[in-house]
1. Taking segment A:517-543 only, how many residues are of a type outside the set (A, V, I, L, M) and surrounded by 20 or more Cβ atoms within 10 Å (Cβ to Cβ)?
2. Find all pairs meeting these conditions: Cβ atoms under 7 angstrom apart; at least six residues apart or on different chains; first residue within segment A:429-442 and more than 8 Å from RNA strand B (Cβ to nearest atom); second residue modelled with pLDDT of 95 or more and outside any helix (DSSP H, G or I).
3. Could you tell me whether A:Ala502 is in contact with a His (Cβ under 9 Å, 6 or more places away or on another chain), farther than 20 Å from A:Asp39 by Cα and away from RNA strand B (no atom under 11 Å from the Cβ)?
4. Can you find a residue in segment A:455-475 that is within 8 Å of RNA strand B (Cβ to nearest atom) and in contact with a Lys or Arg (Cβ under 8 Å, 6 or more places away or on another chain)?
5. Identify all residues within segment A:243-275 that are surrounded by 17 or more Cβ atoms within 10 Å (Cβ to Cβ) and among the aromatic types (Phe, Trp, Tyr); write none if there are none.
6. On the basis of being at pLDDT 95 or above and acidic (Asp, Glu), does A:Glu484 make the cut?
7. Does A:Arg412 meet the test of being part of a loop (DSSP other than H, G, I, E, B), within 14 Å of RNA strand B (Cβ to nearest atom), of a type in the set (Lys, Arg) and surrounded by fewer than 18 Cβ atoms within 10 Å (Cβ to Cβ)?
8. Taking the condition buried (at least 16 other Cβ atoms within 10 Å of the Cβ) and out of contact with any Leu (no Cβ under 6 Å at 6 or more places or on another chain), does A:Phe333 pass?
Amino acid sequence: MLVTLVEDALAAAVAAGEVALAELPDVELERPRDPAHGDWATNVAMVAAKAAGTSPRVLADVIAARIAGHPDVAAVEVAGPGFINMRLSDAALQRLVVEVRAQGADFGRSDLGHGRRVQVEFVSANPVGPMHVGHGRWAALGDSMARVLEHAGWRVQREFYVNDSGVQMDIFAKSVAARYLQHCGREVPFEDEWYQGTYIAEIAEEICQGEGAVWSDADPAEREAHFREKAYAQVLEHLRSVLHGMGVDFDVWFSERSLHAPGPDGRSEVDVAMDRLREAGYIYEKDGATWFASTALPEYGDDKDRVLRKADGDLTYFAADIAYHMDKFARGFDRVINIWGADHHGYVARMKAACAALGHPGQLDIVIGQLVTLLRNGEIVRMSKRTGEMVTFEELLDEVGPDAARYFFLRRGTDQPLDFDIGLAKEQSSENPVYYVQYAHARICSILRRAAGLPAEADVADAAAAGTFVPMSADLSLLTDQAELTLLRKLAEFPEVVEMAADRLAPHKLTTYAEDLAASFHQFYTLCRVVSDDAAVTGARLALVDASRIVLAGVLGLLGVGAPQRM
RNA sequence: GCGCCCUUAGCUCAGCGGAUAGAGCGUCCGGCUACGAACCGGGAGGUCGCAGGUUCGAAUCCUGCAGGGCGCACCA
């Protein structure tokens, strides 16, 4: 609204002949870092001064003169090299309380996505063992990203790609079968390259308990096949339950095998995908292998062509991946987002090139998350699924809890490597920023409970939704204290923060905001007595407190972190 | 050797074209006879890795260099 206000002012000045401009520039507003510079500032005058044949300051004065006097604007001033600084009127800020409380959990929603469909694929850990700590980061990131995109008007699907075919499944099966035989008292060798983790033996033991030793004399191939499926199902269920335990649930668990399975016409999706690429002219044969001409799409930057079918006739993982992405787009998504660890960044170029070759240029976004280094008391914990020396994500969740884990993972940008010190996370759990934010929410609920005379175990959110306390009719013009206005300004930022987080696929913007908002609330609380003898002021402040509760719960919800009403 | 990412306070990190660069932790000094002190206020602490360039203006964009992480298979 302020944007159009500035645009109109400039247009009016041009129409009145005060400014000579053939073309009106785009007006952009920004929030000055220094609050002394107002709530909003625009640099149009500096941008357009040259074209207008005047100085930035003069142009700024002309525009400012036409903005002054608008009811939502309390002050306009020209500053520095030609910034136009605007301060919102108290009335404009106070209105926000009504808006937030009327919209409730919908406050901050936008239509950025226009209802388009987006798929977010993340975690996709191999179903041959427990997740490592990095998977926890992708889980938190992907789920929060999905929540943010939903809030920004996208229709989102969460997907987990299950790599349930290929060599690692064979090794997995052999490993479990061998442990099973050992458990049954047989002397069998255990190869170095098999999975060494103790969980393998645990799975074997569990199968033994369920089915006894009947498989110990079975045909080795049959035994392996049986154990592969049995153990695979168990691991997959385990992954699902650990993820569910941190509030991450997938809509689709997509099996890689389905890509290789022949369809009604006898052809698999991989076959079909390769046909599509061949028809489009991106496939050739060389040295007995089948290649994808990745370098024929130089705009994606892959430096060499890629083998899809090896000389020995086997398909590469990349071939399955292409079929997988073809399948995604066939399911009607306008946009597909993959979250990959930095150790896979070398695949980005070829995957994007392949999607373009399939006829979906620019519809694939790949978010590369830098890796998590796990430390224990300052010492690096090496993680290897093969040797089994690892701290699993599940163990981490048990130690620090889902809220702190999620918050910690989301607190920094995805292109920032993350050091996670288990000892520190445990020790500092009471000073973890997540508690700072949650405490603000609990404190709010406590105030509201007390003001409304609700029992300690009452659900404040439900009571507020039912409208049984904190009437909407408060006289908000009484909110004039600096701390109150600062808190109002912070509440007003929420929709912008959501949009930016969605636009940049950067949920960590929300943690920064959540801490700012909590700080503004705590300051307000310290300086302004909420429940007092003055009924009118009490009413206005309770309304502000309730609006703060809604927004705080909103950010925490987008982060997937709980908003406790008491701690 | 090539490619991607990173380098901001003692530590961990925000800021990603704007005006005096911020937060948390740590450190020093203060604040509960009222709604939750898991809180609040204040101090100390920075040539934004280095060098050029682009422009009204650069921590932010471009180039080069240095340091660190991760990749560079007819592996999965």
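1. 4
2. Taking only residues 6 or more apart or on different chains, the pairs are A:Val434/A:Val561; A:His441/A:Ala563; A:His441/A:Pro564.
3. Yes; evaluated as a whole, the condition is true for this residue.
4. Scanning segment A:455-475 turns up no residue that is within 8 Å of RNA strand B (Cβ to nearest atom) and in contact with a Lys or Arg (Cβ under 8 Å, 6 or more places away or on another chain).
5. Matches in segment A:243-275: A:Phe250, A:Phe254.
6. yes
7. So A:Arg412 fits the description; yes.
8. Here the answer is yes, as A:Phe333 does meet what is asked.
The values are calculated or read from the model by the stated rules, or taken from the named source; none is laboratory data. Quick caveat: nothing in here was measured; it's all calculated off a predicted structure. Cβ sites come from the backbone with ideal geometry, for glycine too, and all protein chains shown count toward neighbours.
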